[in-house]
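Note sheet for the following structure.
Coordinate-derived values only; no laboratory data. Nothing here was measured: the structure is a model prediction, and the numbers come from that model. For neighbour counting, all protein chains shown are included, and Cβ atoms are generated from backbone atoms with ideal geometry for every residue, glycine included.
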Amino acid sequence: MRRPTSDASTAGHAFLAVMRRDLSIFLSYRTRLVSQILTSVFSLTLFYYVSRLVHVSGFKSPSSYFGFVVVGISMVGVMYSCFSIPELLRQELVAGTFDRLLLSPFGAVRSLMAMTLFPLLYSFILAASTLGLGCLLFGLQLHWSTVPLSVPAMALALLAFLPFGLLFAALTVVVKQGSVGTTWVIALLSIVGGLYFPVSLLPHWVQTAAKLQPFTSATSVLRHLLVGSSIGEGAGGALVKLAVFAAVLVPASTLVLARAIRFGQRRGTIIEY
Amino acid sequence: MSSRSLPAPMPVAAAGEDLGASLPAKVRPRAVDAFPLALRNVTKRWRKNQSPVLQELDLALEPGSFTWVGGRNGAGKTTMLRIAAGLIEPEQGRAEVWGVGAQENRVRYQTLVSFLPAGDRGLYARLTVRRQLEFWARISMTRPGQVRRVVEETIDAFDLRELADRRVDRMSMGQRQRLRIAMTFLPRPETVLLDEPLTSLDTEGAALLLRAVRQVLDRDGVVLWCSPSGEHLDMTFDARWVLDRGRLVPG
């Protein structure tokens, strides 16, 4: 009798299978990629002209503000991807496919973690294409000597962001809603994360709040590496901060997610939607 | 119903010894009264002040047995199957596969048990039949080198060859049900739980299902079949029960 196994290689293939599934579903909607690239073009166009229209204090030239905001726009996409997990989970619940994940030896927690792979990879590609479009269409000047370093920095940033998606997924498992909250959180983080304007413009207490989450540090590091913006806390300090966020929050959020699933199984509401 | 009133239970020591010898070490029964599936003293209520949907329910399935559980709508058949599948937990009691509960070793539990929920849900509408089966094979932890063969064998076993590259949202209800059944049997489970499996199936689909059931029974697995009324099949059930007021009574 053939017997399934649970070794690391098989689990690794299961992780990739989830990503491949999400890619297949994504590619089955042929206009989605084009639509999102067009959205980036519109955002870039808007901020390109805004940067030329107004004088922004703290920036040497309109181009330096444009470079600043293009990285911010790229990070918004990354943020949306991180917070898309609860909505993806809700879709699985409604379609009844979450039952399958729960009933599989691979399990619901690992499946949900694997479900983050494609959105994060996709956001990475989308961020790169936004920067590319900024260069091609609007003459964005990238700091090519440090651009390669932005790849591992982005990977670390994604690890630091991932727990937020997992925590909202846990919330969705328990209360069956999560996407409403994520919209608020993204809007809030866009402000305190300094995606569209420098955090230094904000009231002092908000600046303090900006230091308590990883999005501000990640955006600052990536700006530094991609467009040569100065970074207050130093690139090393910001990277250490991201690493600490990832090291603490990834296991903590995984534990919370596992507990939320167990809670749903005890109450019998795990597959309700 | 208590375990004492189970009809002609298999001599428990023999169950452990015989099956233990035929199974790989990692799935050998731990206890002499271990069964391919056992529900022990299971009680489940949805709200504290409501009467339980399942009440101190005991059920032990002997190796190679084909069992039917019926009951009116809302009697608790699906709840019982969900508990048996490890999907939800009972308020009291436990479900076991070879003496192991889902919470003790979930990977092993889900490796041995396969559950076909009622209805037509649980499929990715935008994936083809082959992609769906591949995905399921991989999260069922099938060895990577065996996935392709297992998928192709399943496609043939459930006569899905013509549909293999068709997307699920372009298939009929009966075709989808055949795919759901194929997914249920793909990992070669020992304990199969079927909730109204004949839904939307044509004669040919029902015959394929029964063939798969026979194969499970032939390798000493068990099949628990739930439906509101008794099915007229080309197979006889070894035991028939009706779920009534949270308890099993002979059907």
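Given axes a ≥ b ≥ c from the Cα gyration tensor, I'd like to know whether region B:116-202 is rounded (a/c under 1.5), prolate (a/b larger than b/c) or oblate.
Here region B:116-202 falls in the oblate category.
Among the lysines, which fall within straight-line cross-link reach of B:K44, defined as a Cα-Cα distance under 23 Å, with same-chain neighbours fewer than 8 residues apart omitted?
Leaving aside lysines fewer than 8 places away in the same chain, those within reach of B:K44 are A:K176, B:K77.
Sorted from largest down, give the three principal axis spans of the alpha carbons of region A:18-106, whole angstrom values.
Projected onto its principal axes, the Cα set of region A:18-106 covers 58, 26, 20 Å.
With only alpha-carbon atoms counted, please give the Rg and Dmax of chain B, in Å.
Rg, Dmax (Cα atoms, Å): 17.9, 52.
Take A:V250, A:V175 and order them by how many other Cβ atoms sit within 10 Å, fewest up front.
Ordered by Cβ neighbours within 10 Å, fewest first: A:V175, A:V250.
Take the alpha carbon gyration tensor of the protein assembly as shown, find the square roots of its eigenvalues, order them as a ≥ b ≥ c, and report rounded if a/c is under 1.5; if not, report prolate when a/b exceeds b/c, else oblate. Don't skip to the answer; put the middle values down first.
Numbers: a/c = 2.66, a/b = 2.21, b/c = 1.20.
The shape class here is prolate.
What distance in nm lies between label points placed 7 Å from Cα along the C-beta direction at B:D202 and A:A243?
The two pseudo-label positions are separated by 6.3 nm.
Return the lysines within reach of A:K211: Cα separation strictly under 27 angstrom, same-chain partners fewer than 8 residues apart disregarded; answer none if there are no such residues.
A:K60, A:K241
Mind telling me which of A:S253, A:S230, A:S35 comes out most flexible in a GNM of chain A, alpha-carbon contacts under 10 Å?
A:S35
For region B:156-205 and region B:208-231, what is the separation of their C-alpha centers, rounded to whole Å?
14 Å
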